[in-house]
Amino acid sequence: MIKEDLEKLFMLQEIDHEMAQIHKQLNLHPPMLKRLENNLERKRKELEQTRNEQKELLKERRLMEKEILFRQEEVQKKQNQQMAPKIKQDAYNALKREIDKLKEEISRLEDKVLQYILKDEEMEAVFAEGERNFKHEEEDAQMERQRIQEQIDSKNRRLAELEKEREKHILLVPGDLLTYYNRYIKTHVPPVLVRVEQDSCGGCHMRILPQIIVEIHRGEKMVTCEGCRRILISKD
């Protein structure tokens with residue numbers, strides 16, 4: 001009876017369905033791994049950006065400190081000029097005004113340097129916290145990679161098992177049934193074999209005539225749905 005052959009083909013379909021589901025799940029893993037790497041890369045760049053900003057601040061601070069040193073030297077020179085013998089009062093007063101102006105500039109620059117120092121301390125704290133968080137995220141990412149890899153390995157092992165089962169089942173299915181099965185899969189959406197449910201096709205749910213249901217239960221020949229062309233098999 002063809003009924004037994006159809007049950008064998010149904011088992012082959014079950015194997016193919018499980019394999020298809022595993023392949024779908026495996027296809028989800030690369031994007032998951034990519035998101036992990038992208039997230040780490042984004043956090044890494046944020047840390048680099050903070051460090052680069054610190055370096056730029058330090059450069060500006062060093063330039064200001066050089067400016068302060070230069071002006072302090074100018075102040076010293078002008079103060080030495082004030083101490084020159086027989087300096088006239090007008091020249092003395094002019095030097096004093098220049099010295100006062102330089103001291104004001106020095107004070108302004110020192111205030112800026114202090115602001116840079118405070119900003120650098122603030123950014124260093126942000127960087128240190130970011131670095132700690134990044135290390136934790138790296139550890140979490142590594143654990144997640146390992147978990148995903150274990151799932152991939154497990155699914156691949158299951159695929160290998162199913163492939164061996166499939167090879168055995170193919171040998172048990174008559175060639176004409178296998179040909180119909182393979183041809184249907186190429187042009188239609190699986191499943192190919194469906195069970196009759198409440199006098200209807202388990203695929204498209206089209207109503208099945210009572211005499212057709214009787215033929216399906218007898219299992220003497222292959223019966224297909226007039227609506228979707230799937231192979232109909234008994235629920236029992």
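FYI, it's all coordinate maths here, none of it is from the lab. Quick caveat: nothing in here was measured; it's all calculated off a predicted structure. Here Cβ is always computed from backbone atoms with ideal geometry, including for glycine, and neighbour counts include all displayed protein chains.
Across the range 50-60, rounded Karplus estimates of 3J(HN,Hα) from the backbone phi angles (6.51 cos²θ - 1.76 cosθ + 1.60, θ = phi - 60°) give 4, 5, 5, 5, 4, 4, 5, 4, 5, 4, 5 Hz, Gly and Pro being marked x. Here the convex hull built on the C-alpha positions of the chain has a volume of 203 cubic angstrom per residue. Note on Arg44 and Ser107: with the Förster distance fixed at 30 Å, the Cβ-Cβ geometry gives a FRET efficiency of about 0.15.
Between Met206, Ala94, Ile152, the Cα set farthest toward the positive side of the dipole of the chain (charges on each charged residue's Cβ, about the Cα centre) is that of Ala94.
A Cβ-based charge dipole, computed about the Cα centre of the chain with Lys and Arg at +1 and Asp and Glu at -1, lands at about 780 debye.
Can you give the FRET efficiency to the nearest 0.05 for Asn133 and Lys34, using r as the Cβ-Cβ distance and R₀ = 30 Å? The pair Asn133/Lys34 has a calculated efficiency of 0.90.
Looking only at the chain, where both bridge partners belong to it, what percent of the DSSP beta bridges are antiparallel (to the nearest 5)? Rounded to the nearest five, the antiparallel share is 60 percent.
For the residue pair Met19 and Gln149, what label-to-label distance in nm results when each label sits 7 Å from Cα along the Cα-to-beta-carbon direction? Rounded to a tenth, the inter-label distance reads 2.8 nm.
For the listed peptides 78-91, 49-62, a ranking on the average number of other beta carbons within 10 Å per residue, highest first, reads 49-62, 78-91. Once the chain from Leu209 to Glu226 is taken as fully extended at 0.36 nm per residue, the excess over their C-alpha distance is 5.1 nm. Centre-to-centre separation between the Cα atoms of the range 167-216 and those of the range 71-136: 89 Å.
With the cut-off at 21 Å, tell me which of the pairs Lys59/Lys96; Lys24/Lys235; Lys43/Lys112; Lys66/Lys103; Lys43/Lys135; Lys34/Lys55 have Cα atoms farther apart than that. Long pairs (Cα-Cα over 21 Å): Lys59/Lys96; Lys24/Lys235; Lys43/Lys112; Lys34/Lys55.
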